[in-house]
Amino acid sequence: MGRREREIADALTTADLWKLMRRRVPPIVSEYFRGGADGESALRGNVRAFQQSLTTAYGAVSYDTVDMRTSVVGHDLAVPWLISPVGSIRTLYPMGDAVASRVAGDFGTVMTQSTLSGTPLEDVAAASSGACWYQLYLCGGRDTALRAIDRARKAGFTALVVTIDSAVAGLRILHTKLKPDKAMGPYRGLTVIERVAKAFRKLRLASEMLRHLPWLLRYFGDGGLMEFVNVIDQRGKPMPFTDIASQLAASAVTWADMEWIREAWGDDKPLIVKGVHCAYDARKAEELGASAVIWSNHGGRQQDRVPPVLHLVAHEMPLVGDTQLEFMMDGGIRNGTDILVALSYGLKAVGIGRVTAAGIGAGGHRGLTRAFEILRADLDRAMRLVGVSTVDEIRRRGAELRRESQLHGDGHLPPFVF
Ligand SMILES: Cc1cc2nc3c(=O)[nH]c(=O)nc-3n(C[C@H](O)[C@H](O)[C@H](O)COP(=O)(O)O)c2cc1C
């Protein structure tokens, strides 16, 4: 076993894997995965809300096994978390999205592939022994989206996730200041001064990358700068890596789009709406044919001054009222107790974004497998210590498992890592 493999095996928390990821990949890459929007209060708030939440612990109970199975939109999951859509995973590790779907399948759960992925969706579906969902942005416009929906259906994706919180890209300040787009692309059409500036940026980037040689070798072995291979224009060309923000702004999804999206996807497989902040949007999603919604603030990467997702779940979900919707959430999940607390509000499952990046970035299949092992061991331990033996029981007993905090301030909380 090499040093990295040993470090991955020794990781006890997802934060350990996050630190390994930050060491293995160059800052220009890892910062994309880390960043939140603006002052990053939503990013930190998502995590702090979990850290501040308390559980009870019923004593003198012991179980031979705990049962983590759940089901959501007709999918049986062996564990109550799934992979949230995370763009550009392929920059962390060769064929990163396919690696992620393989691990999700190994653990009996779902991989959600982002539209902003660099791996052909057919390869992602083929890599998993389980189900994959496709997350849709309308980058490139309606015809481009229709092509992707058709491919996703043919490749066997079993649910379509439409993200509604990205009318424009949030401002992730540090990553924007690194100006990755200014160092990429051809010199054609630039003034002399712009060419010199680009050459300097490329040089600086090259020296930064050379300090992460094992990552760099894999990156070039995997074809170098990725393209959005599932966002195909009418000439059959994939969207280049640089276009994200302008493409998102040019093709924001609206409720009016939901109708043709629903029609193209078909009624036989579920439609899920992601990025819901309020009961109004949840009801609207249901009206337009969604079977489930994901409460999410995009990991704090879009509108910054919004509540932590756990608070949205606590306050908004009961306001949805009489509904057939199933509920999930993502944002701030870092360990097993976080999952237990989230499920206690009645959710069917939770999503992991940055924990996926931590695992894949720390070391591909081995790294993400370790992240899943950590979550599984964590949740098993939390369930035994709280005194519940099934996910259904967590959902049913709900508030009985939680406790109000009488502590003030955050001096007692663990440090925020990611
Ligand atoms: C680097 C990164 C890229 C993301 N890309 C997408 C995306 O392409 N589509 C999407 O719907 N959500 C995207 N998200 C949001 C995640 O799906 C998820 O909502 C969020 O990461 C959950 O918060 P967490 O990172 O604290 O788990 C992205 C998140 C991160 C961190």
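The values are calculated or read from the model by the stated rules, or taken from the named source; none is laboratory data. Remember, predicted model here, so these are calculated numbers, not experimental data. Heads up, the Cβs are rebuilt from the backbone with ideal geometry, glycines too, and the neighbour counts pull from every protein chain shown. Only protein heavy atoms, including side chains, enter the accessible area calculation; ligands, DNA and RNA are left aside. Shrake-Rupley method; radii C 1.70, N 1.55, O 1.52, S 1.80 Å.
Enter the angle in degrees (range 0 to 90, nearest 10) between the Cα long axis of helix 255-265 and the first principal axis of the Cα atoms of the chain, meaning the one along which they spread out most. For helix 255-265, the angle is close to 90 degrees. Among the protein heavy atoms, those of Tyr280 account for about 130 Å² of accessible surface (1.4 Å probe, every chain in place). Of His412, His75, the order by accessible heavy-atom surface (1.4 Å probe, DNA, RNA and ligands excluded), from most exposed downward, is His412, His75. Taking a ≥ b ≥ c as the square roots of the eigenvalues of the Cα gyration tensor of segment 303-389, is the shape rounded (a/c under 1.5), prolate (a/b larger than b/c) or oblate? Oblate, since a/c reaches 1.5 and b/c is not below a/b.
Put a dot 7 Å past the Cα of Ser207, heading toward its Cβ, do the same for Leu413, and the two dots end up 3.8 nm apart. For the peptides 36-46, 84-94, 190-200, the ranking by packing is 84-94, 36-46, 190-200, with the highest mean count of neighbouring Cβ atoms within 10 Å listed first.
Just to verify a number: what accessible area does His175 come out at with the full protein assembly present, 1.4 Å probe, Å² rounded to tens? It works out to around 40 Å². Approximating the spin labels as points 7 Å out from Cα along Cα→Cβ, the Arg4-to-Arg381 distance works out to 2.7 nm. 3J(HN,Hα) couplings calculated from phi for segment 357-368 with the Karplus curve 6.51 cos²θ - 1.76 cosθ + 1.60 (θ = phi - 60°) are, in sequence order, 5, 4, x, 4, x, 5, x, x, 4, 4, x, 6 Hz; Gly and Pro show x. Once the Cα atoms of helix 96-106 and of the chain are each reduced to a long axis, what angle between those two axes, in degrees from 0 to 90 to the nearest 10, is obtained? Helix 96-106 sits roughly 20 degrees off the main axis of the chain. Of the trypsin sites (Lys or Arg not before Pro) found in segment 205-292, those in coil by DSSP whose Cβ has at most 11 other Cβ atoms within 10 Å are Arg211, Arg235. Beyond 39 Å, the tail of the calculated P(r) for the chain holds 16 percent of the Cα pairs. Here the relative contact order of segment 1-129, from alpha carbon pairs under 8 Å that lie six or more residues apart, stands at 17 percent. Using the Karplus relation 6.51 cos²θ - 1.76 cosθ + 1.60 with θ = phi - 60°, the per-residue 3J(HN,Hα) values for segment 335-352 come to 8, x, 5, 4, 5, 4, 4, 4, 4, 5, 8, x, 6, 7, 6, 10, x, 10 Hz, with x marking Gly and Pro.
For Thr55, the residues whose amide H sits under 5 Å from its own are Arg403, ignoring neighbours fewer than 5 places away on the same chain, with H placed 1.01 Å from N. For each pair in Lys154/Lys284; Lys19/Lys274; Lys154/Lys269; Lys179/Lys202, compute the distance between the two Cα atoms and list the pairs where it is over 18 Å. Beyond 18 Å between Cα atoms: Lys154/Lys284; Lys19/Lys274.
Between segment 51-114 and segment 300-336, the alpha-carbon centres lie 17 Å apart. So what's the angle, to the nearest 10 degrees on a 0 to 90 scale, between helix 14-24 and the longest Cα principal axis of the chain? Its long axis makes an angle of about 10 degrees. Using the Karplus relation 6.51 cos²θ - 1.76 cosθ + 1.60 with θ = phi - 60°, the per-residue 3J(HN,Hα) values for segment 32-42 come to 4, 7, 6, x, x, 7, 6, x, 6, 6, 5 Hz, with x marking Gly and Pro. Taking amide H as placed 1.01 Å from N in the peptide plane, the amide H of Thr390 sits under 5 Å from that of Asp67, each at least 5 places away or on another chain. FRET efficiency for the pair Leu146 and Ala60, taken as 1/(1 + (r/R0)^6) with r the Cβ-Cβ distance and R0 = 56 Å, rounds to 0.45. With the cut-off at under 17 Å, measuring from each backbone N in segment 273-289 to a point 7 Å along the Cα-to-Cβ line of Leu319 picks out 275-286.
Note that the chain presents 44 Å² accessible area per residue, ligands and nucleic acids not counted, probe 1.4 Å. Please give the calculated 222 nm ellipticity per residue for the chain, where each DSSP H segment of at least 4 residues contributes -39500 (n - 2.57) and the sum is spread over every residue; nearest 500 deg cm²/dmol? Taking each H run of at least 4 residues, the total per residue is -14000 deg cm²/dmol. The order of Lys269, Lys179 by accessible area, most exposed first and with a 1.4 Å probe, is Lys179, Lys269. Amide H contacts for Ala37 (H built 1.01 Å from N in the peptide plane; partners 5 or more residues away or on another chain; cut-off under 5 Å): Leu43, Arg301, Gln302. Scoring 4-12, 355-363 by mean Cβ neighbours within 10 Å over their residues and listing the highest first yields 355-363, 4-12. The protection proxy used here, the mean number of other Cβ atoms lying within 10 Å of each residue, ranks peptides 325-333, 222-230 as follows, highest first: 325-333, 222-230.
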